[in-house]
Amino acid sequence: MGSYVLKRLGTSLVVILGVTFVSFALLHIISPSPGRTVLGLEASPEAVAAFNTENGYDRPFLLQYGSYLWKLLHFDLGYSYKLNQSVVDLFGQNAGRTAVLVSVSLIIALFIAVPLGIAQAVKRNSIMDYTVTTVAFTTYAMPSFFLGMVLIEVFSLRLGIFPAQASQSTSPWVVFTDPVSMALPVLSLVAITVALYSRYQRSAALDELVADYVRVGRAKGLTMNQVVRRHVVRNALLPLISLIGMTLPLVLAGNLVIEQVFNYPGLGLLFYKSLESQDYPVLLAYALVTGVLTVIGNFAADVALTFADPRIKLR
């Protein structure tokens, strides 16, 4: 087991290194002269050249990338010249709110999607199954920003139940301290996640319901509800462990859009504003953090699955 974890950890580190290179290369292509972006179009060529020289942007690409990796090893994500603040400080101020919003939405979505998917599998081809499938496909196919605007139109402008804008509190626990203002952002993320996970949970449960152990249990006199509760649920949850790790980028991407729609001060809104102002260091850091979290999510899911499912052979 230890060798497997070390092997997966080594693979994850290589992938993270690849993420840093691809992110750095793409943003370098998009913005080859950060000095022009920071100083503006009216800045003189001399001023731009001096800025690039002072910050090392005039050096060869590989030297810039090596310097970038060296800074990363010292937890230096760069400096935002647009906001006049280090990127680490900016992320520290906003990461907590985003982490709590995503975590709460994901937990609520799992508590809804798991029983919903299993119920669909047990009552497959029923009216309930067709109805939930239709709603799930519609929600999943709907762009995040459009879903957010629909919720604002219905629950804020027409019914007046919830405010259209999320709370502007700087507290990371605002989801709990001001649930009314955070209801629509949470509902948006929950709807998107439930639509995704319930479909996979239904498919996993359907595979388990035709397994031999279900027929054996029924032959021993167990009711279908007993077989489902004691055996099917546990086995059908195993694919969901991997799914959570693989779909973490989708959740983060949806959160980015939702934060912008509801003007929620988190990492997503910070990225959106940085994209508008072409804040090179912030964009690079966000891409890196997202990639690292994705790799960590997949690594944690793989390790957790080996503990949860003894049938997996470690190689």
(message) Cβ contacts < 9 Å: first residue closer than 21 Å to residue 269 by Cβ, restricted to the stretch 145-160; second residue hydroxyl-bearing (Ser, Thr, Tyr), any location; separation 6+ or different chain. Result?
(response) 147/139; 147/188; 148/188; 151/188
(request) Please give the number of the condition residue 264 fails out of (1) out of contact with any Pro (no Cβ under 7 Å at 6 or more places or on another chain); (2) buried (at least 22 other Cβ atoms within 10 Å of the Cβ); (3) aromatic (Phe, Trp, Tyr). (result) (1)
(request) Would you point out which residue out of 3, 67, 103, 44 is hydroxyl-bearing (Ser, Thr, Tyr), open to solvent by less than 40 Å² (accessible area, probe 1.4 Å) and out of contact with any helix residue (DSSP H, G or I) (no Cβ under 8 Å at 6 or more places or on another chain)? (result) 67
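One line per residue, one yes/no per condition, for (1) modelled with pLDDT of 90 or more; (2) surrounded by fewer than 16 Cβ atoms within 10 Å (Cβ to Cβ):
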site	(1), (2)
93	no, no
124	no, yes
142	no, yes
176	yes, yes
180	yes, yes
(request) Taking residue 132 as the residue in question, decide whether it is in contact with a Lys or Arg (Cβ under 9 Å, 6 or more places away or on another chain), surrounded by 16 or more Cβ atoms within 10 Å (Cβ to Cβ), among the β-branched types (Val, Ile, Thr) and in the same structural domain as residue 185 (by TED's automatic domain parsing). (result) yes
(message) With the requirement that a residue be assigned to a helix (DSSP H, G or I) and either touching a Ser or Thr at 6+ places or on another chain (Cβ under 6 Å) or within 14 Å of residue 88 (Cα to Cα) (or both), what does the stretch 264-282 give you?
(response) 267, 270, 271, 280, 281, 282
(request) Return only the number of the condition from (1) farther than 30 Å from residue 41 by Cβ; (2) out of contact with any Lys or Arg (no Cβ under 8 Å at 6 or more places or on another chain) that residue 224 does not satisfy. (result) (2)
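The values are calculated or read from the model by the stated rules, or taken from the named source; none is laboratory data. Because the structure is predicted, anything quoted here is derived from the model rather than measured. Glycine gets a Cβ as well: all are built from the backbone with ideal geometry, and neighbour counts include every protein chain shown. All accessible areas refer to the heavy atoms of the entire protein, side chains included, with ligands and DNA or RNA removed. Shrake-Rupley method; radii C 1.70, N 1.55, O 1.52, S 1.80 Å.
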